[in-house]
Amino acid sequence: MALLIKGGRIITAADDYHADIYCENETITHIEPTIDPASVGSDVELVDAKGRYVFPGFIDPHVHIHLPFMGTNARDDYESASKAALAGGTTTLIEMICPGPDDEPMAAFEEWFTKADALAAVDYSFHMSVVRFDELARTQLRQIVQEQGIASFKVFLAYKGALNLPDSDLFDLLSMARELGVITTAHCENADAIDSMQQQLIGEGKTGPEWHEPSRPIAVEAEGVHHLCTFAELTGAHIYIVHTSCEPAVKAALDAQLRGVKVWVECVAPHMILDKSYAEQGDFVGAKYVMSPPLREKRHQDVLWNGLRARTISTIGTDHAPFDFQGQKGMGRDAFTKIPNGIPSVQERIDLIHHFGVLQGRIDLNTMVDACSTQAARLFGMYPRKGTIAVGSDADLVVYNPNHEHTLSVESSQSKVDYNAYEGWSVKGRAQVVTVRGKVQARDGEFTGEIGRGQLIKRKPTHF
Ligand code: URP
Ligand code: ZN
Ligand code: ZN
């Protein structure tokens with residue numbers, strides 16, 4: 001069935017205008033000031049977008065769905081994560097493949113792909129985490145890039161003994177990424193410094209979630225960013241710093257940019273909206289807000305918003321990592337180091353950014369689209385198929401009601417996780433109609449689409 005979206009205000013990263021959009025065979029085929037419904041035949045779904053924004057489908061460049069981590073596994077599968085993403089206006093997810101240090105990369109790719117292929121209702125791709133870098137891994141990583149269409153790696157400078165990649169391997173991996181034209185995304189915190197500080201704090205009986213932030217302070221993150229940028233400077237690799245949380249980390253990346261390092265910066269919704277006082281709540285409630293890098297002092301949020309407004313910070317993701325409060329977060333009652341890290345936000349991201357960013361005058365609508373869709377498409381090799389509204393692009397569209405007020409809660413959340421970090425918050429703005437390649441997949445915060453419709457978006461390396 002074709003799709004006609006009439007009377008909306010189209011917002012892209014650069015433009016803002018009124019027009020009708022006609023879509024056929026999964027793509028946008030016409031954008032015109034007016035398209036007469038009588039002229040397009042009868043097998044057409046008509047969406048009235050008067051008084052609404054029409055955005056390109058949002059892309060979340062940083063989610064975890066299948067995540068074996070810290071002795072447990074994240075709660076969502078592709079069905080629940082897709083429903084949550086779509087309810088919130090996100091039509092493409094880029095998930096981190098996070099194998100263990102003994103796993104073969106190709107087996108890990110197959111494991112993650114099989115899970116997504118069965119249940120995805122959004123389009124998706126993966127960042128391939130590199131946790132081992134022996135001869136076999138090198139061969140398979142090349143195949144994953146060249147044959148499976150995965151054009152980005154992920155490295156962890158953090159999580160000593162679990163996901164952390166040693167420097168000797170990091171240098172060689174970045175050299176290979178440079179040669180392949182692959183961008184390397186990175187979690188930048190110094191694993192050894194964190195390990196020492198955590199042992200000391202636990203030894204002093206400082207075991208509650210409020211000690212998570214002091215165990216990985218801003219200097220540890222800034223050092224991690226500087227460290228990776230130095231390696232990128234030496235190898236010429238293109239790098240992308242994920243979930244940047246604080247001023248010194250942003251500054252380390254921008255300093256490197258001025259030296260000529262090809263580095264891009266991501267921030268994620270929890271760091272922009274929540275501060276460390278949430279993780280300091282008593283009765284172990286703070287565990288809901290334990291993520292890494294940790295929630296910071298509120299003053300850092302201004303730096304993130306200002307960086308976005310100046311477009312020196314490129315993207316807003318979520319780092320959706322859903323672990324139940326009951327049972328899973330509870331594994332860390334006697335030591336904050338055992339609390340599974342993560343704050344689920346995939347459904348809430350766009351409404352939070354609209355409410356706290358656009359409506360409070362911190363960023364404009366074009367910047368919201370740029371950071372939540374266009375830049376991810378550009379950096380990760382999906383543009384202009386994704387990330388914009390143009391003839392020939394996939395018909396991934398979000399008809400958005402900027403005036404709809406609603407309350408964020410675990411009841412209205414489609415994720416399987418048992419809490420909502422934004423419980424009871426009232427926000428303005430909600431996706432009214434969400435399409436993936438021309439088919440309506442969600443309406444008014446509810447999934448109405450087809451499970452399994454999502455496709456792996458094969459990407460080509462662009463970072464030469
Ligand atoms: O706390 C976080 N960020 N959990 C997910 C794993 C990661 O570091 O991205
Ligand atoms: Zn991370
Ligand atoms: Zn993550």
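Annotations
- Separation in nanometres of the label points that stand 7 Å from Cα toward Cβ, at residue 283 and residue 403: 3.9
- Computed Kirkwood radius, in angstrom, where 1/r is averaged over Cα pairs of segment 142-202: 12.9
- Annotation for residue 27 and residue 310: the two label points, set 7 Å from Cα along the Cα-Cβ direction, are 3.9 nm apart.
- Using only side-chain charges placed at the Cβ, +1 for Lys and Arg and -1 for Asp and Glu, the dipole size of the chain relative to its Cα centre rounds to 700 debye.
- Most tightly packed first, judged by the mean number of other beta-carbon atoms within 10 Å of their residues, the peptides 342-348, 104-110, 30-36 read 342-348, 104-110, 30-36.
- With K and R counted +1 and D and E -1, the other residues having a Cβ less than 15 Å from that of residue 141 yield a net charge of -3.
- Taking a Cβ cut-off of under 12 Å around residue 336, the surrounding Lys, Arg, Asp and Glu residues balance to a net charge of +1, with basic ones at +1 and acidic ones at -1.
- Sequence ranges 130-138, 200-208, ranked by mean other-Cβ count within 10 angstrom, highest first: 130-138, 200-208
- Normalising by residue count, segment 1-58 has a Cα convex hull of 83 Å³ per residue.
- Ordering 450-459, 213-222 by mean Cβ neighbour count within 10 Å, with the highest value first, yields 213-222, 450-459.
- Where labels lie 7 Å past Cα in the beta-carbon direction, separation of residue 448 and residue 257 in nm: 4.0
- A straight line joining the Cα centroids of segment 250-281 and segment 21-97 runs 27 Å.
- Under the membrane-span-like helix rule (DSSP H runs whose alpha carbons stretch at least 15 Å along the helix axis, mean Kyte-Doolittle hydropathy 0.0 or higher), the chain yields 105-119, 167-180, 218-235, 247-258.
- Other residues with beta-carbon under 11 Å from the beta-carbon of residue 285 carry, at +1 per Lys or Arg and -1 per Asp or Glu, a net charge of -2.
- Bridge orientation summary for segment 56-379: considering DSSP beta bridges with both residues in this region, about 5 percent are antiparallel.
- Diffusion coefficient, µm² s⁻¹, Stokes-Einstein with Kirkwood Rh over alpha-carbon pairs of the chain at 25 °C and 0.890 mPa s: 111
- List 378, 142, ordered by accessible area with a 1.4 Å probe, largest first: 378, 142
- Largest first, the residues 195, 351 sort by 1.4 Å accessible area into 195, 351.
- R0 of 56 Å, Cβ-Cβ distance residue 38-residue 169: FRET efficiency to nearest 0.05: 0.35
- Carbon + sulfur, % of accessible area of segment 56-379 - ligands and nucleic acids excluded, 1.4 Å: 48
- Estimated FRET transfer efficiency when R0 is 30 angstrom, pair residue 333-residue 412 (beta carbons, to 0.05): 0.60
- Take every pair of alpha-carbon atoms less than 8 Å apart whose residues are at least six positions apart; their mean separation over the length of the chain yields a relative contact order of 23 percent.
- Sorted from longest to shortest, the spans of the Cα atoms of segment 399-464 along the three principal axes equal 44, 25, 25 Å.
- Ratio of Rg to Rh over segment 228-337 (Cα coordinates, Kirkwood Rh, two decimals): 1.05
- Rg/Rh for segment 1-133, where both radii come from Cα atoms and Rh is the Kirkwood radius: 1.12
The values are calculated or read from the model by the stated rules, or taken from the named source; none is laboratory data. Since the model is a prediction, treat every value here as computed from it, not as a measurement. Quick reminder, even Gly has a Cβ in these numbers, built from the backbone with ideal geometry, and neighbours come from all protein chains shown. In case anyone asks, the SASA skips ligands and DNA or RNA and just uses the protein heavy atoms, side chains included. Shrake-Rupley method; radii C 1.70, N 1.55, O 1.52, S 1.80 Å.
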